[in-house]
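Here the structure is laid out as structure tokens; the discussion comes afterwards.
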Amino acid sequence: MKVFYTMLLLIGASTAVQAQKVKPSIQDKFFAANYSQVKGHIGEKLDQSYENRILVQDIEHLVAPFRNRNESRMWQSEFWGKYVTSAVLAYKYRPEPAMMNILKQAVAGLIATQTPDGYIGNYSPEHHLEQWDIWGRKYSMLGLLDYHELTRDQASLAAAAKVADHLMKEIADQDGLIVNKGNYRGMAASSVLEPMVKLYRLTGKDKYLDFAKEIVRQWETPEGPNLISKAGKDVSSRFPRPASWYSLEQGQKAYEMMSCYEGLLELYRITGAPEYKAAVEQTWQNIKDTEINVAGSGASEEMWFGGQKRQTLPVAHFQETCVTATWIKLNQQLLRLTGDAKYADEIEKSYYNALLGALNHDASEWAKYTPLNGRRLPGSGQCGMNLNCCDASGPRGQFTLPLTTVMGTSDGMAVNFYVAGAYSLTTPKGKKVVLKQQTEYPVSGEIKLSMDLAKAEDMTLQLRIPEWSEISEVYVNDEPVSGLKAGSSLKIKRNWSSKDVVRVKLDMRGRIEWHDANGRFAAIYRGPVVLSRDTRFAGPDLITANRPVVDKAGYFELRPVTNSGADLWMHYKGSFVPESYMEVAANPIEIDLVDYASAGNSTQNPTFAVWLRQLFSNRD
């Protein structure tokens, strides 16, 4: 049965390509796998989220606000679109009838609420274009368009076009401006750029491209967010601190800013305007350098705040899951576009730590915020509903991974992430190839790759060598491959066949990241995973200073602990020198460490700490 539905998915994917009315000016370097079957821990979490979160969602609860249309300031209307875009990704991963039935119900229910003039939303007529109204329309359009691209359903495309037409008319009738609507210097409203470009690509109608270009033009007006002209400026200080934190004047809103840049990349693909791509790349670099923390996310109270240097502090409302998911999505946009391994490095760091760390034990709920030191606490419902924005956003980040773990290229395929499973692609000569990964990565640093290929073919296989892996090895049929460089892709061009076996060994030694901006702290990595202390295990108090014992090269020995319990993914012991005031240094003690996603993530609700206090010495 699964094979049959996979065949349907492949037919749908082929039709989706044929349905494009406008061919992009810029072609992506990487393109998604046809389908995948993920195993191991990541596969288990995908299945849990599929079954315990997405399949059980009450669709009527999501559609009801669109029937009421009595809102003036809330954002209930985003939940439907976030859910449907997540469910489409989940269906692409596991194309099963139950998920398709839910999608059909969700789309039909939403379209039934559309007014004769084209409006789909939850705001009363006198409050149209205010607060989160356009933001909600954006998510409705994204959900409808994703469903259309999956199924070729013309009703959903027509409904999305009517939403866009009505929105453009309302804005033109009022004052012609979008950047003065809603909050955050128009970033929430003008992130509608993304579905507008998609509509142009799907319909070929110039009015959508014209409106998209007008949005970008308005960004650079005095009222706008200056997303291009200020791309070289810190994202946390592009505008003066506003009098009201959540307001039109606030220009540091993390999630909405990245959503606008996602739309700008879509516009770049159509127009080829180099300043669009440059603005996104500059901003990406600034976010990475000044905001992203050891767990791969950032933002405090939903705003950029120079968080990288402040991450050892107790930060209010740290790393919103919506920010985590959107950071992953922005990186995947850039990875598709450029093929640069640095974007995959960032996705991996964020996915294994901040994203999985926001999931509860059975993936039925997502945390709204997750600290680096403290406790994992549940979020609350928003807008009078029993879910919040992060419950809806989390799966959007999670289900991007299966079809981008192994991706196709013009001359072969690229392994971006080492995840156990099977990944089906099309070779440069149009033949089917299934790349298989056998690994327990990132518990283990050893990966075995093989291919199912009917006939041998000349191809290039790209393997990402993570930036943290100082000592890496790659073998093809037991012959070592040279030219490996951390933080880049190793390209192996040869005549590949089903007899070939590739083995990869990555450097899984424990690494210390020191932080001195607000005192002296240490965080411990193993591979892409940041580790944490957890009060489920005996040991010195979290507030005490215990120095990790490192070897001459600065690496930290981690000794695996087995049979720790079902609620732990990884568990290690390491040696630390405890704080002492004796004349002779204290003997080392063993302290337990677990992966960040498992830390504090149990029904016992223990306290945890990623950043470990260290003694300050003025001699250092």
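In table form, for the structure just shown:
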| read-out | value |
| --- | --- |
| Antiparallel bridges, percent of DSSP beta bridges restricted to the chain (to nearest 5) | 95 |
| The range 154-228, dipole about Cα centre (Lys/Arg Cβ +1, Asp/Glu Cβ -1), debye to the nearest 20 | 260 |
| Relative contact order for the range 483-540, counting Cα pairs under 8 Å that sit 6 or more residues apart, in percent | 19 |
| Rounded to the nearest 20 debye, dipole of the chain from Cβ charges on Lys, Arg, Asp, Glu | 1160 |
| Check: the range 21-110 dipole with +1 on Lys, Arg Cβ and -1 on Asp, Glu Cβ, in debye | 400 |
| Sum of side-chain charges, residue 475 neighbourhood, beta-carbon under 12 Å (Lys, Arg +1; Asp, Glu -1) | -2 |
| Angle in degrees between helix 2-18 and the longest Cα principal axis of the chain, rounded to the nearest 10 | 60 |
| Positive-pole candidate from 527, 107, 495, dipole of the chain, charges at beta carbon | 495 |
| Dipole of the chain, positive end: most advanced residue of 617, 290, 398 [Cβ charges, Cα centre] | 398 |
| Residues with amide H under 5 Å from that of residue 494, placed H, sequence gap 5 or more | 459, 461 |
| Prolate/oblate/rounded label for the range 187-237 (Cα gyration tensor, a/c 1.5) | prolate |
| Calculated FRET efficiency for the pair residue 169/residue 486, C-beta based, R₀ 41 Å, to 0.05 | 0.15 |
| Relative contact order (%) - criterion: Cα under 8 Å, at least six apart; region: the range 463-620 | 22 |
| Spatial separation of Cα centroids for the range 475-529 and the range 148-194, in angstrom | 43 |
| Under 17 Å from residue 349, Cα to Cα: aspartates and glutamates that are on another chain or at least 8 residues apart | 289, 291, 320, 340, 440, 467, 470, 507, 513, 595 |
| Between helix 274-290 and the chain: long-axis angle, C-alpha atoms, 0 to 90°, nearest 10 | 40 |
| Net charge of neighbours whose Cβ lies under 12 Å from the Cβ of residue 600, counting Lys and Arg as +1 and Asp and Glu as -1 | +1 |
| The range 171-320: relative contact order as a whole-number percent, Cα under 8 Å and 6+ apart | 23 |
| Neighbour-count order for 119, 184, 139, fewest beta carbons within 10 angstrom listed first | 119, 139, 184 |
| Summed residue charge, Cβ within 12 Å of residue 239's Cβ, Lys/Arg positive, Asp/Glu negative | +3 |
| Shape of the chain, Cα gyration tensor, a/c cut at 1.5 | oblate |
| Alpha carbon centroid spacing (whole Å) that separates the range 52-108 from the range 533-564 | 43 |
| Label-point separation in nm, residue 479 to residue 586, each point 7 Å along Cα→Cβ | 5.6 |
| Helix axis angle, 59-68 relative to the chain longest principal axis, alpha carbon, degrees | 40 |
| Residue order, fewest to most surrounding Cβ atoms within 10 angstrom, among 80, 135, 514 | 514, 135, 80 |
| Cβ-based exposure ranking for 323, 280, in which fewest neighbours within 10 Å come first | 280, 323 |
| Vicinal HN-Hα couplings computed from phi for the range 537-552 (Karplus, 6.51 cos²θ - 1.76 cosθ + 1.60; Hz; Gly/Pro x) | 10, 5, x, x, 3, 5, 7, 7, 9, 10, 8, x, 8, 10, 7, 4 |
| Segment residue 48-residue 518, length gained on full extension (0.36 nm per residue, minus Cα span) | 165.3 nm |
| Helix-only CD estimate at 222 nm, as mean residue ellipticity for the chain, using -39500 (n - 2.57) per DSSP H run (n ≥ 4) | -11000 deg cm²/dmol |
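Just so you know, all these numbers are worked out from the coordinates, no wet-lab data involved. Everything quoted here is computed from the prediction, not taken from an experiment. Methodologically, a virtual Cβ is constructed for each residue, glycine included, from the backbone with ideal geometry; neighbour enumeration extends over all protein chains shown.
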